[in-house]
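Have a look at the structure below before the remarks.
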Amino acid sequence: MPKSGRNIRTVVAAAMISVWAACAAPPVQAASEAKVRAAFEEADNNVDGNLEVDEFVAYIVWRFAAVDKNRNGFLLPGEVANVSPEEFREADRDGDGKVSLGEAVGAKIIIFFDADTNHDGMMSLAELLAQQNSIAGSKKE
Ligand SMILES: [Ca+2]
Ligand SMILES: [Ca+2]
Ligand SMILES: [Ca+2]
């Protein structure tokens with residue numbers, strides 16, 4: 001399966017934004033399993049079925065560059081339309097109204113280590129899906 005292609009990238013971009021927003025988004029916007037799977041496979045650079053921290057960070061950096069439309073090195077609320085204001089403020093640790101690359105990595109790396117429930121330093125697709133399902137489930141209450 002080729003890993004490039006404009007349509008696939010667009011789908012993955014939407015999927016990762018959904019994953020990012022999943023904590024704060026209503027259940028209808030929770031990332032579907034198919035989208036989570038597609039994003040995971042895109043990030044799994046060595047195709048071993050696990051995301052190492054290096055692969056995860058590399059993917060965040062790549063995603064950040066794609067979302068940073070005006071390429072100023074920061075994400076503004078208008079560039080991440082699917083992220084709730086609460087989620088944005090949480091990621092914006094220094095409160096300057098912008099999310100830097102470091103802040104984005106910081107916000108995402110929490111997801112990585114939270115998902116790695118067997119503590120082997122890698123996030124498997126099963127671990128990621130379990131985490132996303134538990135987020136989606138908790139939002140239905
Ligand atoms: Ca891998
Ligand atoms: Ca900031
Ligand atoms: Ca793991």
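The values are calculated or read from the model by the stated rules, or taken from the named source; none is laboratory data. The structure displayed is predicted, hence computed values, not measured ones. Using ideal geometry, Cβ is built from the backbone for each residue, glycine included, and neighbour counts are taken over all protein chains shown.
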(message) Would you confirm, using the coordinates I've provided, whether Val28 is crowded, with 16+ Cβ neighbours inside 10 Å and either out of contact with any strand residue (DSSP E or B) (no Cβ under 9 Å at 6 or more places or on another chain) or modelled with pLDDT of 90 or more (or both)?
(response) no
(request) Hey, can you tell me all the residues within the stretch 80-96 that are part of a helix (DSSP H, G or I) and surrounded by fewer than 17 Cβ atoms within 10 Å (Cβ to Cβ)? (result) Pro85, Glu86, Arg89, Glu90
(request) Look at Val99 and say whether it is surrounded by fewer than 18 Cβ atoms within 10 Å (Cβ to Cβ) and without any contact (Cβ under 8 Å) to a residue 60 or more places away in the chain. (result) no
(request) List every residue pair whose Cβ atoms sit under 7 Å apart, with the two residues 6 or more apart in sequence or on different chains, where the first one lies in the stretch 118-141 and is buried (at least 16 other Cβ atoms within 10 Å of the Cβ) and the second, anywhere, is assigned to a strand (DSSP E or B). (result) Met122/Asn50; Met122/Leu51; Met122/Glu52; Met123/Asn50; Met123/Leu51; Ser124/Asn50
(message) Can you pull out every residue in the stretch 97-141 that is within 13 Å of Glu52 (Cα to Cα), within 16 Å of ligand 1 (Cβ to nearest atom), assigned to a loop (DSSP other than H, G, I, E, B) and touching a helix residue (DSSP H, G or I) at 6+ places or on another chain (Cβ under 9 Å)?
(response) Asp116, Gly121
(request) Given the conditions (1) within 16 Å of ligand 3 (Cβ to nearest atom); (2) over 24 Å from Gly137 (Cβ atoms); (3) in contact with a Gly (Cβ under 9 Å, 6 or more places away or on another chain), report the number of the one that Leu101 does not fulfil. (result) (1)
(request) Being touching a strand residue (DSSP E or B) at 6+ places or on another chain (Cβ under 9 Å) and not in a loop (DSSP other than H, G, I, E, B) is the filter; apply it to the stretch 61-76 and report the residue that is surrounded by the most Cβ atoms within 10 Å (Cβ to Cβ). (result) Leu75
